[in-house]
1. With viscosity set to 1.002 mPa s and temperature to 20 °C, compute the Stokes-Einstein D of region 189-270, Rh being the Kirkwood radius across alpha carbon pairs; µm²/s, no decimals.
2. What list do you get for His223, His80 if you sort them by fewest beta carbons within 10 Å?
3. Which of Lys56/Lys113; Lys54/Lys236; Lys54/Lys256; Lys233/Lys255 have a Cα-Cα distance over 29 Å?
4. Among DSSP bridges having both ends in region 120-257, what percentage is antiparallel? Round to the nearest 5.
5. Specify the inter-centroid distance of region 44-89 and region 189-228, based on alpha-carbon positions, in whole Å.
6. With a cut-off of at most 16 other beta carbons within 10 Å, and DSSP calling the residue loop, which chymotrypsin sites (Phe, Trp or Tyr not before Pro) in region 156-238 qualify? Please list them.
7. For the residue pair Gln124 and Gln268, what label-to-label distance in nm results when each label sits 7 Å from Cα along the Cα-to-beta-carbon direction?
8. Summing Lys, Arg as +1 and Asp, Glu as -1, what charge do residues with Cβ under 9 Å from the Cβ of Leu258 carry, Leu258 excluded?
Amino acid sequence: MKRGQVRQQVRKGKFEWVYSADFAQEVYINKRKSSVKQCSLTMELKENIVHYIKQKYSPEMMVKAKGINVPIATIYYWIHHGHLGLTKADLLYPRKAKAKKKQESPYFKPAGKSIEERPEAVNQRLETGHYEIDTVIQTRAKNECLLTLTDRKSRHQVIRIIPDKSADSVNQALRTILNDYQIHSITADNGTEFSRLAEVFNPEHLYYAHPYSSWERGTNENHNRLIRRWLPKGSKNATQKQVAFIENWINNYPKKVLDYKSPREFLQGG
């Protein structure tokens, strides 16, 4: 039976299906009523949504973690149709620039093991303490960049400002980080800034991804995008205070993969 068909008696004891435009319209209206949740944008609701958007929360996290009782698609509709009075700068990714591939040296010699030798416990995220590492360039005008480490299981984030993208600067920052956190393994890419990690970290627990395979450090790459919510490309170099704020924000940001708990809540067993 097709939508819009009704059963009609053509003669005694015999029926057949015929198309009715009126019946089809009635079916359509009834389905729309049952499938679309009617939501009105009250002043209080608008203020709450705008507050979370300015705190860089996605609509999904507003609904799943913050109790905003509106369909996710409806929030996106309000955003894109200007109902919330937002500017482009308020949105999660206000600027879009062509992605530039990270330069990896063809002469790079890993200071540790291939990612192919990484234990299954690390691959399967069975325990905390196994971090992915990367650098995030702040601006082209200056050499300063961010050193970022992300725990594969809990998604705990560490961010430090380093003066340049050299192996010396990376190692100096990593020494300090290792004094503050228990890190059992590190997975890096083939950037020259990571060519001497074995000077400060046990090479037996140091793993290198394949060249041009950023997806092998996908957890860290995703968190770098969270940093870009606060520091879009082309923004001024961040201060220590800003970086500490962003690190704290990420560690308190709910994750779908953690059943909408934050990394901090996950580590605390909450």
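Every read-out reported here was derived from the displayed coordinates using simple, explicitly stated rules and does not represent laboratory data. All values derive from a computational prediction rather than experimental measurement. Every residue, glycine among them, receives a Cβ derived from its backbone with ideal geometry; neighbour counts consider all protein chains shown.
1. 141 µm²/s
2. On the way: His223 24, His80 11.
Placing the least packed residue first, the sequence is His80, His223.
3. Values: Lys56/Lys113 37 Å; Lys54/Lys236 19 Å; Lys54/Lys256 20 Å; Lys233/Lys255 24 Å.
Violating the 29 Å Cα-Cα cut-off are Lys56/Lys113.
4. Of all bridge pairs located within region 120-257, approximately 70 percent are antiparallel.
5. 34 Å
6. Values: sites: Tyr181, Phe194, Phe201, Tyr207, Tyr208, Tyr212, Trp215, Trp230; in loops: Tyr181, Phe201, Tyr212.
Taking region 156-238 and a limit of 16 other Cβ atoms within 10 Å, the loop chymotrypsin sites (Phe, Trp or Tyr not before Pro) found are Tyr181, Tyr212.
7. Result for the modelled spin labels: 3.0 nm.
8. Values: positive: Arg155, Lys255, Lys256, Lys261; negative: Asp259, Glu265.
After counting each charged neighbour, the total is +2.
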